[in-house]
Amino acid sequence: MAILDILEFPDPILRTVAKPVQKVDDKIQRLIDNMLETMYEAQGIGLAATQVNVHRQVIVIDLSEQKDAPLVLINPSFEVLDDEAFDYQEGCLSVPGFFEEVSRPAHIKVKALGRDGKLFELVPDGLLAVCIQHEIDHLNGKLFVDHLSALKRNRIKQKIKKDRR
């Protein structure tokens, strides 16, 4: 397994829309393993393939304390089940050091292929629902900062650029 480089905002590559996985083969299995190792090393709870410059619809998530319950979502999609919103202080491995409140649908239904390539459905709520939506945004070329005001987004961008100098 390998630790992959995580792209950071405002890198324009993060805006690339991921393509569906055609076949869950050994190459995808290696990508999943590498993404999990990268996510755990970075102390994150979710990672989308787009963040490691692989533009396929693959997400890994692990909300467990022991980091031993990985969830793999391949070609994920979701539908909103009701209008209730859930506000959460989101952070992102591609926007390190920043946390902002984002409002997302609280109840969703997710369809995806699992690591085994088989279709499954999930009806998450709370943090898992937020995390799945956050990572699906990455697959669509969006970041959590896109849910913020232009002023907040630009402040974050300027601070990151300043810190890199």
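The values are calculated or read from the model by the stated rules, or taken from the named source; none is laboratory data. No experiment lies behind these values; they were computed from the predicted model shown. Here the Cβ positions follow ideal geometry from the backbone for every residue, glycine too, while neighbour counts run over all protein chains shown. Remember, those area values only see protein heavy atoms, side chains included, never the ligands or the DNA or RNA. Shrake-Rupley method; radii C 1.70, N 1.55, O 1.52, S 1.80 Å.
Could you give the nm distance between label points at D116 and S149, where each point is 7 Å from its Cα heading toward the beta carbon? About 4.9 nm, to one decimal.
Computed about the Cα centre, the dipole magnitude for the chain is approximately 920 debye when only Lys and Arg (+1) and Asp and Glu (-1) carry charge, each at its Cβ. For the chain, which whole percent of the accessible surface, found with a 1.4 angstrom probe, sits on carbon and sulfur atoms? Reported share for carbon and sulfur atoms: 49 percent.
Loop only by DSSP, 11 or fewer other Cβ within 10 Å of the Cβ. Give me the GluC sites (Glu not before Pro) in the range 55-160 that pass, ordered by residue number. Loop-located and lightly packed - E65, E84.
Here the range 123-165 and the range 23-56 have alpha carbon centers that stand 18 Å from each other. Working note: Debye formula, equal point scatterers on the alpha-carbon atoms of the range 56-100, no solvent; log10 I(q)/I(0) at q = 0.20, 0.21, 0.32 Å⁻¹ is -1.08, -1.14, -0.99. Subtracting the Cα-Cα distance of N140 and K67 from 0.36 nm times their residue separation leaves 23.7 nm of extension gain. A convex hull fitted to the Cα coordinates of the chain yields 111 cubic angstrom per residue.
Annotation: per residue accessible area for the range 1-109 equals 53 Å², rounded to a whole number [probe 1.4 Å, protein chains only].
Using the reciprocal of the averaged 1/r over all distinct C-alpha pairs, how large is the Kirkwood radius of the range 72-141 in Å? Can you show the working numbers first?
Details: mean 1/r = 0.0785 Å⁻¹.
Radius from the Kirkwood sum: 12.7 Å.
So, with +1 on the Cβ of K and R and -1 on the Cβ of D and E, and no other charges, what is the size of the charge dipole of the range 35-129 about its Cα centre, to the nearest 20 debye? Don't jump to the answer; show the numbers that get you there.
Values: 7 positive and 16 negative charges, 110 e Å.
For this selection, approximately 540 debye.
Within the straight-line cut-off of under 12 Å between alpha carbons, the aspartates and glutamates reachable from K111 are E79, E121, sequence neighbours fewer than 8 places apart in one chain being disregarded.
Think of the range 6-165 as a dipole: +1 on every Lys or Arg Cβ, -1 on every Asp or Glu Cβ, centred on the Cα centre; then among H134, V110, N53, N53 lies furthest on the positive end.
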